[in-house]
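The values are calculated or read from the model by the stated rules, or taken from the named source; none is laboratory data. Fair warning: this is a prediction, and the values are worked out from it, not measured in the lab. Cβ placement follows ideal geometry from the backbone for every residue including glycine, while neighbour counts extend to all protein chains displayed.
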Amino acid sequence: MKRIETRRRLRIATLLASVFAVMPAVLAADLKIENLENDKAESFTSDEIEAAEPLSEEVTPEELEEMKQRFRELHPDAIIVPSRKSGEVQQKGQPEPVDNPGTRSPYWNTGKLVFRKSDGGLHRCTAQFVDTNVLLTAAHCVYDASAKAWNSEFRFYQAYDDGDYTQSVGWRCVSIFDAYHAPAKNYAFDYAFILSDTADDQAPLALHTGAPATVPLTAVGYPRNYGDGKRLYRVDGDWDSVDGGIVTMSGNPMRSGNSGGAWFSEFKVDGGAANNLVVSLNSHHVSGNDTDENGPLFTADTETLLEHVRGGGCL
């Protein structure tokens, strides 16, 4: 594998305000982009896809607070939205299978991501196209912070549904911020972009930054605890709180394999340009909490990383 490190100064960007609350732009003074370039072909059998172990990230409240503090040091003016009162949170939280995901928006952009860890084991997450040739997933799905090593042999099965899929997509390169794992793991930067070797055959999803103006959210993924990862699931919940670059979705009990699956604001099946805005993703949960999921706050940093990969900067 070819590893490249690029140091970039991130510029302040204005947050989109058409469908999002007007918030101060979030800027990190100096973040290092780490890139991995593909140097081999990869393919998996149907049995290997089914046998791939799902990833699941769990953190203690104390560990999470340490991550938030490191994010605040980089972003002293970071967005803070206090947790809402229990009576204000609807917590629907009942995942449902998606029938024929390859036939409807936004499901047809999503799929199962299979890859190999440095120990040789096959694992899986969720990913989706957010540009014609760019996939979004969680950083922990591409980099193993415990082993301090990249994962490899990524293969994306678009609209995967119990062995069927619309297309099999390989990768050219992938990028993350080193702040995800250095000096220690930080879920505020738990996102990654993969430059694919095959274009999305549907209009890609739109990624947006900041806290949405409305709180209902819909998350998607291939969880083990619902459907055993064989089918795409969706769950409706609420955007609850934002602090230290970490956002909480109330009413999202999906676990193991849903990592990297998008959180949608303004969700609507077969909706228009103002619908299905990707505002975060399934990242981790707090130990002892089986009803909520956390994800990274998408910021100007996120947009910069997307542009880096979109322009082939990871090659």
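For region 82-92, does any single residue satisfy the condition of being at pLDDT below 95 and among the β-branched types (Val, Ile, Thr)? Taking every residue of region 82-92 in turn, at least one turns out to be at pLDDT below 95 and among the β-branched types (Val, Ile, Thr).
Quick one: in region 140-189, of everything that is touching a Pro at 6+ places or on another chain (Cβ under 7 Å) and among the aromatic types (Phe, Trp, Tyr), which residue is surrounded by the most Cβ atoms within 10 Å (Cβ to Cβ)? Let's see the steps before the verdict.
So the first thing to find is which residues in region 140-189 are touching a Pro at 6+ places or on another chain (Cβ under 7 Å), and the list is 159, 161, 187-189.
If we keep only those that are among the aromatic types (Phe, Trp, Tyr) too, we end up with 187, 189.
Numbers: Tyr187: 25, Phe189: 29.
Residue satisfying both the conditions and the ranking: Phe189.
Cβ-Cβ distances below 8 Å connect the following pairs, each with a first residue in region 216-228 that is at positive phi, a second residue that is surrounded by fewer than 19 Cβ atoms within 10 Å (Cβ to Cβ) and not aromatic (Phe, Trp, Tyr), and a separation of six or more residues or different chains: Gly227/Pro97. Could you tell me which residue of region 219-242 is nearest to Phe129 (Cα to Cα), considering only residues that are buried (at least 22 other Cβ atoms within 10 Å of the Cβ) and among the hydrophobic types (A, V, I, L, M, F, W, C)? So, considering only residues that are buried (at least 22 other Cβ atoms within 10 Å of the Cβ) and among the hydrophobic types (A, V, I, L, M, F, W, C), the one nearest to Phe129 (Cα to Cα) is Val220.
Tell me, please, whether a residue that is closer than 24 Å to Glu62 by Cβ and of a type in the set (S, T, N, Q) can be found in region 230-241. So far as region 230-241 goes, yes, one or more of its residues are closer than 24 Å to Glu62 by Cβ and of a type in the set (S, T, N, Q).
Taking Gly260 as the residue in question, decide whether it is touching a residue at least 40 places away in the same chain (Cβ under 8 Å) and either under 11 Å from the mean Cα position of the chain (by Cα) or closer than 15 Å to Val235 by Cβ (or both).
Yes; evaluated as a whole, the condition is true for this residue.
Scan region 39-73 for residues that are at pLDDT below 95 and among the hydroxyl-bearing types (Ser, Thr, Tyr) and the total you get is 2. Of the residues making up region 43-65, none is surrounded by 15 or more Cβ atoms within 10 Å (Cβ to Cβ), out of contact with any strand residue (DSSP E or B) (no Cβ under 8 Å at 6 or more places or on another chain), within 30 Å of Ala213 (Cβ to Cβ) and not hydroxyl-bearing (Ser, Thr, Tyr).
Which one of the conditions (1) outside any loop (DSSP other than H, G, I, E, B); (2) basic (Lys, Arg); (3) over 22 Å from Trp239 (Cβ atoms) does Lys40 fail to meet, given that it meets all the rest? It fails just one condition, (1). Scan region 103-123 residue by residue and report those that are part of a loop (DSSP other than H, G, I, E, B) and over 20 Å from the mean Cα position of the chain (by Cα). Correct list: Arg104, Ser118, Asp119, Gly120, Gly121. Only one residue in Gly272, Gly221, Gly245 is among the small types (Gly, Ala, Ser) and more than 17 Å from the chain's Cα centre (by Cα). Which one? Within the list Gly272, Gly221, Gly245, the selection yields Gly272.
If you go through region 283-297, how many residues are assigned to a loop (DSSP other than H, G, I, E, B), closer than 16 Å to His140 by Cα and not hydroxyl-bearing (Ser, Thr, Tyr)? Reasoning before the result, please.
As a first pass, look at region 283-297 and keep what is assigned to a loop (DSSP other than H, G, I, E, B): 283, 287-291, 297.
Applying the additional criterion that residues be closer than 16 Å to His140 by Cα yields 283, 297.
Filter again for not hydroxyl-bearing (Ser, Thr, Tyr), leaving 297.
The total comes to 1.
The set of residues in region 58-75 being closer than 14 Å to Asp301 by Cα and either free of Cβ contacts under 8 Å to residues at least 40 places away in the same chain or not in a helix (DSSP H, G or I) (or both) consists of His75 alone. Take Thr302 and decide whether it is within 30 Å of Arg172 (Cα to Cα) and touching a residue at least 12 places away in the same chain (Cβ under 8 Å). Spelling it out, Thr302 is indeed within 30 Å of Arg172 (Cα to Cα) and touching a residue at least 12 places away in the same chain (Cβ under 8 Å). Selection of region 243-282 for residues being surrounded by 24 or more Cβ atoms within 10 Å (Cβ to Cβ) and in a loop (DSSP other than H, G, I, E, B) yields Gly245, Asn252, Met254, Gly257, Asn258, Ser259, Gly260, Gly261, Asn282.
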